[in-house]
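Coordinate-derived values only; no laboratory data. Quantities reported herein were computed from a predicted structural model and do not represent experimental measurements. Counting neighbours? That spans all protein chains shown, and the Cβs are built from the backbone with ideal geometry, glycine included.
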Amino acid sequence: MASSAGMIQKTSLQLYRDCLRLVNHVAPGNSAKSVAMRAMVRTEFVKNRNEKDEAKLESQKAAAVRALSNYMLYESGTKDAKLGKAMKRYHDSSVRSAQNTEPVKIKNGAK
């Protein structure tokens, strides 16, 4: 049976490859955008290469998966008119609610 560290590396490697595939989809070829995006993906994965905390690794992987999912949803919204309208309505209502929220005032270090 493989160790948990081996399983983490394998799934991290798969996620890394998925991110690079997405870069190739978003910016094919060797444009400045594709080079910058590949460098960003590579830098993030190299920066956390020696991370041993499984909770932190899972959190980082979840963030990467969320980013991939958000991009795929965004792309779907640009191609599907009904989904695009729903996304725009949600975005507009989120912006309105954020604008209507009063900032929290801090007095003497307490909220």
**Request:** Pick out, in residue order, every one of the trypsin sites (Lys or Arg not before Pro) in region 1-100 that is DSSP loop and has at most 10 other C-beta atoms within 10 Å; say none if there are none.
**Result:** Arg49, Lys52
**Item:** Cβ-defined net charge surrounding Leu83, 13 Å radius [Lys, Arg +1; Asp, Glu -1]
**Value:** +3
**Asked** Hey, which of these cross-link pairs are over 30 Å Cα-Cα: Lys56/Lys88; Lys52/Lys79; Lys33/Lys88; Lys47/Lys82?
**Response** Lys56/Lys88; Lys52/Lys79; Lys47/Lys82
